[in-house]
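The values are calculated or read from the model by the stated rules, or taken from the named source; none is laboratory data. Here the structure is a predicted model, which means the values were calculated and not measured. All Cβ positions, glycine included, derive from the backbone under ideal geometry; neighbour counts span all protein chains shown. Surface accessibility is based on the protein's heavy atoms, side chains included, excluding ligands, DNA and RNA. Shrake-Rupley method; radii C 1.70, N 1.55, O 1.52, S 1.80 Å.
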Amino acid sequence: MSQDIWWASESFWRKNAIWITAGSFIVLIFLTFDTVDQITAGGKRVPAYSAINHRISYVFDEKRNFQVPVIGVEEPLFGKKLTEQEAAALVSHGKLTTQAKNCMNCHTLLGNGAYYAPDLTKSWLDPSWGSKEVREQQMVEFLMNPQDRLHNGLGRRMPNLGITEPEARATVAFLKWMSSIDTNGFPANFKPIDQEN
Amino acid sequence: MTALGKLDRANLNGGQKLAVKYFTVAIALFGAQILFGLLAGLQYLYPDFLFGILDFSVNRMVHINAMVVWLLFGFLGSVYWLLEDESGVPVVGLGLGNLAFWIFTLAVVVVVLVYLLVQTGVGEQSSIWLINEGREYIEAPRWADIGIVVCVLVFFYNAAATFAKGRYTGIGGVLVLDLIALAGIYLAGMYYTPNISMDQHWWWWVIHLWVEATWEVLVGCLMAYGLIKTLGVRRKIVETWLYIEVALMFGSGILGLGHHYFWIGTPEYWFTIGGFFSALEPIPLVAMVVHAVFDAGHHKLKSTNNPALAWIIAQAFGNFFGAGVWGFMHTLPQINLYTHGTQWTASHGHFAFFGAYVTMVIAYFYLAIQKWRGGVYMSGNLIGAWKWKWALALLHIGMLMMTMAMLISGYEQSQIERAIEGSSWVGYFTAQAHPWFVQGMQWRQIGGWIFAAGFVLLAWDLMTIGRKETRPVRSLTE
Ligand code: HEM
Ligand code: HEM
Ligand SMILES: [Fe+2]
């Protein structure tokens, strides 16, 4: 065959394999530094955990041409304003609960996970919670006893996962905080619960 | 030497004796994967089925974890299979390798029992360490992660030390470098953060850089060795192709990671980088098809092991369609905004894992059983050849039916749930209740039963193929 032609030779491709791999990896490392910096909680894209002390909405941004989360007036979760540390601890407890109860093997979070149940990225803003006034309590009660609160015609229920009240409240904090992350417009066309009054 | 056609471990070299242990566990776990996939699929159709006993989340977790583990076992087995042959010397540290196999297997059994019996924990760190980590594909609790890393390090030592002592072929060199990356990347998945964006950022390092970079290169090595064995292709040719594949695969797949960084809080530049590089990812997969088909044609399909060759060719096409075409279809952000996290994703996930990885591991099962039976004839006019052919056909028909059904459900979902309804709770169920969606889930289940039938036939065939054969393996120089 044509093993003498330079572009079909083994050594040419061996060198290419090494350099292309090394080059791509180095570019990835540089981008990773920048990305990790930008997604550390407390930045513009991923807000500080104390965002749960505020109203979070999801509004259309003309310049970027998609919806973005906006952190608005003070509206503490469960009516109690938390320090940055308290907020971080609460969100972390909620995140641990989502991991220990395996939410991601039924739901998607930020669009990743399983497809058996609704995406939870904007669950905090979902109009089905009724009104802004009852939402927090509704969410806690739902998480603690979802098995007898069916909301769909398919009969597909969420099981009781043994979530305690403190765990449920922490999970709501986690969900509220997650809704403040700038996800470049995912989900698109989402119509949030009415929070004005 | 015992009679031809009889299973005898004396027919195997040291590495191969260990390989067949890995293969045996792999097949059992493949069966478990299918069983729990069927249960999860049934719950889409009958939501009360096993509700509160084995919930969807439990079945799904066992389904995908069994997959990851059996494919890893298949890969480890395949590397042990070719190790002594490639390097020219007995495996270095085989005793340790054997010990690692037993520890690994025991750990898997304990993890699965905990998944099934304990299922969930309290919202504390202890649950992540002891019960499950709740992160898709890498749910295994932290203690098991550490065990896995130790076992993989032993495996790596076996491979690297054996090649170093014997000879480093091109395949061996690529393999060892790839295994370093494969093991190193796993570490990115072993940490906790309350920040879900950061969590998913590193989670994708493990998932994407495994399946679209390091695993692809690993099966590239397995394909190279497989073509040498079954067709007698010249080493220089397969190794040149292997380097081409590595260059193209890593060149597109490493930065292609960006196609998972569109919507998780990561910056907007990933739209361009992720979209562009991941769109290139099908190219190496085309190269692999060309390579396999060209070699097979060049050797006029005269192989020493027809079932293995058939599965290798199936791999080339399955990889191209399942990963390349199905991946490309939703990889640009303009489309992914609507398909992200729908059955569309599941369609691609099934087709890609099956097409790229299941196929190659099955090819090695056939290589193994041939030698285990003393190097029996496995070419044309094989006794009972209908079994392997029908197993191959049923597994493909079942998988294609599942893939198409999920794709149609996924189309419907991206239109109705994502585009029109804006992904709300009500929007989700509006889409789930639509007849097109429901029919997709019904056909998925039918495809699943066909797939399961194919698996039963495959297992039966692997136990019996070549048993009554008296002809020896066909020589490559014929
Ligand atoms: C053998 C190789 C591959 C395998 C095994 C594979 C497997 C998977 C799996 C299982 C998922 C779902 C992950 C989850 O649970 O969230 C996924 C997602 C994805 N894959 Fe692949 N894949 C492969 C190659 C490719 C290629 C070559 C492309 C692009 C050209 C691609 C594009 C994508 C995209 C865009 C997603 C995200 C889907 C979403 O937004 O929900 N994949 N892949
Ligand atoms: C009897 C055959 C099978 C059935 C009925 C089945 C069913 C399922 C179901 C119901 C899910 C959950 C999807 C969801 O979250 O909505 C799933 C997920 C998955 N299955 Fe299967 N499965 C089968 C075989 C396989 C095989 C052979 C493979 C690959 C080797 C596979 C790989 C996967 C993957 C990667 C996921 C995660 C997909 C994602 O997150 O996008 N399954 N399967
Ligand atoms: Fe990917």
- The condition of being in contact (Cβ under 8 Å) with a residue 40 or more places away in the chain, within 14 Å of ligand 3 (Cβ to nearest atom) and surrounded by 24 or more Cβ atoms within 10 Å (Cβ to Cβ) holds, among B:226, B:256, B:220, B:265, only for B:256
- Query: Scanning for something at the interface with another protein chain (Cβ under 8 Å from one of its Cβ atoms) and either touching a strand residue (DSSP E or B) at 6+ places or on another chain (Cβ under 6 Å) or open to solvent by 40 Å² or more (accessible area, probe 1.4 Å) (or both), does the stretch A:60-80 turn up at least one residue?
  - Reply: no
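Just give me the residues in the stretch B:43-55 being more than 8 Å from ligand 2 (Cβ to nearest atom) and either in contact with a Phe, Trp or Tyr (Cβ under 7 Å, 6 or more places away or on another chain) or more than 8 Å from chain A (Cβ to nearest Cβ) (or both), in sequence order.
Those that are more than 8 Å from ligand 2 (Cβ to nearest atom) and either in contact with a Phe, Trp or Tyr (Cβ under 7 Å, 6 or more places away or on another chain) or more than 8 Å from chain A (Cβ to nearest Cβ) (or both): B:45, B:46, B:49, B:50, B:53, B:54.
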- the stretch B:268-280 - residue that is within 14 Å of ligand 1 (Cβ to nearest atom) and open to solvent by 10 Å² or more (accessible area, probe 1.4 Å) and, of those, nearest to residue A:13 (Cα to Cα): B:280
- Note on the structure: Scanning the stretch B:62-72 residue by residue, those over 11 Å from the mean Cα position of the chain (by Cα) and over 22 Å from residue B:103 (Cβ atoms) turn out to be B:63
- Note on the structure: When the stretch B:366-381 is checked residue by residue, the ones that are open to solvent by less than 10 Å² (accessible area, probe 1.4 Å) and part of a helix (DSSP H, G or I) are B:366, B:368
- Of everything in the stretch B:153-206 that's open to solvent by less than 30 Å² (accessible area, probe 1.4 Å) and among the hydroxyl-bearing types (Ser, Thr, Tyr), which residue is nearest to residue B:15 (Cα to Cα)? B:162
- Across the stretch B:330-378, the tally of residues that are away from ligand 2 (no atom under 14 Å from the Cβ) and among the hydrophobic types (A, V, I, L, M, F, W, C) stands at 11
- Any chance the stretch B:369-379 includes a residue that's without any contact (Cβ under 8 Å) to a residue 40 or more places away in the chain and more than 16 Å from ligand 3 (Cβ to nearest atom)? no
- Task: Considering each residue of the stretch B:331-353, count those that are away from every other protein chain (no Cβ under 12 Å) and within 21 Å of the chain's Cα centre (by Cα), and give that number.
- Result: 6
- Item | Tally of residues being hydrophobic (A, V, I, L, M, F, W, C) and within 14 Å of chain A (Cβ to nearest Cβ) across the stretch B:433-477 | 4
- Which residue out of B:403, B:430 is assigned to a helix (DSSP H, G or I), within 14 Å of another protein chain (Cβ to nearest Cβ) and crowded, with 16+ Cβ neighbours inside 10 Å? B:430
- From B:96, B:82, grab the single residue that is open to solvent by 20 Å² or more (accessible area, probe 1.4 Å) and either on the phi < 0 side of the Ramachandran plot or assigned to a loop (DSSP other than H, G, I, E, B) (or both). B:96
- Going through the stretch A:19-35 in order, the residues found to be under 24 Å from the mean Cα position of the chain (by Cα), open to solvent by less than 40 Å² (accessible area, probe 1.4 Å) and within 8 Å of chain B (Cβ to nearest Cβ) are A:28, A:31, A:35
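Could you tell me whether the stretch B:299-316 includes any residue that is closer than 25 Å to residue A:27 by Cβ and among the polar types (S, T, N, Q)?
No, that holds for no residue.
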- What about residue A:111, is it within 7 Å of another protein chain (Cβ to nearest Cβ), crowded, with 21+ Cβ neighbours inside 10 Å and out of contact with any helix residue (DSSP H, G or I) (no Cβ under 6 Å at 6 or more places or on another chain)? yes
- Query: Failed condition for residue B:212, given (1) touching a Leu at 6+ places or on another chain (Cβ under 7 Å); (2) within 16 Å of ligand 2 (Cβ to nearest atom), with all others met?
  - Reply: (1)
- Message: Against the condition surrounded by fewer than 23 Cβ atoms within 10 Å (Cβ to Cβ), part of a helix (DSSP H, G or I) and more than 16 Å from ligand 3 (Cβ to nearest atom), how does residue B:31 come out, does it pass?
- Response: yes
- Note on the structure: Residue hits (the stretch A:131-148; within 12 Å of chain B (Cβ to nearest Cβ) and of a type outside the set (S, T, N, Q)) are A:139, A:142, A:143, A:146, A:148
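Sort out which residues of the stretch A:169-197 are assigned to a loop (DSSP other than H, G, I, E, B) and within 19 Å of residue A:103 (Cβ to Cβ), and write them in order of number. Please lay out each step first, then the result.
From the stretch A:169-197, those assigned to a loop (DSSP other than H, G, I, E, B) are A:179-197; that's our starting set.
Scanning the stretch A:169-197 gives A:179, A:180, A:181, A:183, A:186, A:187.
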